[in-house]
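In what follows, a single structure is set out as structure tokens and then discussed.
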Amino acid sequence: MKTPLIIVNYKTYIESTGKNALELSKILDKASKEYDVNIILAPQCADMKDIISEVDIPVFSQGIDAIEPGAHTSHILAESIKEIGASGTLLNHSENKIENDRIEFCVNRCKKLNLSVCICVENIEKIEELIGFEPYFMAFEDPELIGTGVSVSKTKPEIVSKSVNAIKKYKKNILALCGAGISDTEDVRKSIELGCDGVLLASALIKAKDREKKIHELIQGILK
Ligand code: G3P
């Protein structure tokens, strides 16, 4: 996959739900093509099918559950996102953490189904615990800075570099991302300078007054 890239986590903001999610997705699809950069969308499950039918860029779920097909209620089955055309999933976001054995189970199920996984982690210890599962992406996000508009790459550059080193030391081709508070061109550029293959972001884009303008601004940070 061409890097640097941007993953947009739609979370459950009203601005990225339903019709608003579709509208945002079309803007991001257009920007991805215009600049020839990879943008991955992670909307809510209920919106995924409509979005997938309208865009060409990859769509991830925000998570899956550690289950096999069968008698489970209110869970997300890997097969269900695969069947509607998803390319992968986030896993273990700090707003929905899961135990290590469940993460391993989900990563293995996704590999069988050819779905890419982005494991989110909140510190270096967690990277060391989980890197052996060999996900496609690992994203370091400082929970304290999520949703604050204060960028992890600007305020905690040493931890971002350390997280990249911890990932790449294990395997160079696992893509290393950072997230939390990434809000403008400089925040993205700094993340890439620190060695990240991309960024994972949400509020600055989703809540922007002009989302088209904001994604153009963020993309400038990954262009050479
Ligand atoms: O997964 C993205 C994330 O948690 C960062 O959120 O709003 O700080 O960009 P935000």
For the chain, the dipole about the Cα centre with charges only on Cβ (Lys and Arg +1, Asp and Glu -1), to the nearest 20 debye, works out at 460 debye
Hey, what's the Kirkwood Rh for the range 144-224 if you take every pair of different alpha carbons, in angstrom?
12.7 Å
Keeping every protein chain in place, order 126, 97 by accessible area at 1.4 Å, biggest value first, i.e. largest first.
97, 126
For the chain, give the percent of accessible area contributed by carbon and sulfur heavy atoms, probe 1.4 Å, rounded to a whole number.
48 percent
Hits among aspartates and glutamates - C-alpha to C-alpha of residue 190 under 17 Å, sequence gap 8 or more where chains match
141, 142, 158, 217
How large is the convex hull of the C-alpha atoms of the range 104-144 per residue, in Å³?
59 Å³
As a check on your grasp of the helix formula, calculate [θ] at 222 nm for the chain: sum -39500 (n - 2.57) over DSSP H runs of n ≥ 4, divide by the residue count, round to the nearest 500.
-12000 deg cm²/dmol
Can you work out the base-10 log of I(q)/I(0) for the range 1-50 at q = 0.24, 0.30, 0.31 1/Å, using the Debye formula on its C-alpha atoms alone?
-0.87, -1.14, -1.17
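Hey, what does the equivalent ellipsoid look like for the range 70-214, semi-axes from the Cα gyration tensor as sqrt of 5 times each eigenvalue, largest first, whole Å?
Three semi-axes, in Å: 26, 19, 13.
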At 1.4 Å probe radius, can you tell me the per residue accessible area of the range 5-223 in Å²?
45 Å²
Report the accessible area of residue 14, computed with a 1.4 Å probe over the heavy atoms of all protein chains in place, in Å² rounded to the nearest 10.
120 Å²
Apply the Debye scattering formula to the range 1-145, with a single equal point scatterer on each alpha-carbon and no solvent, then give log10 I(q)/I(0) at q = 0.15 Å⁻¹.
-0.75
Tell me which aspartates and glutamates have Cα within less than 17 Å of residue 214's Cα, excluding those fewer than 8 residues away on the same chain?
15, 23, 29, 34, 36, 184, 186, 187
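The values are calculated or read from the model by the stated rules, or taken from the named source; none is laboratory data. Since this is a predicted model, take the numbers as computed values, not measurements. Please note: Cβ atoms are built from the backbone with ideal geometry, for glycine as well, and neighbour counts cover all protein chains shown. With ligands, DNA and RNA removed, areas are computed over all heavy atoms of the protein, side chains included. Shrake-Rupley method; radii C 1.70, N 1.55, O 1.52, S 1.80 Å.
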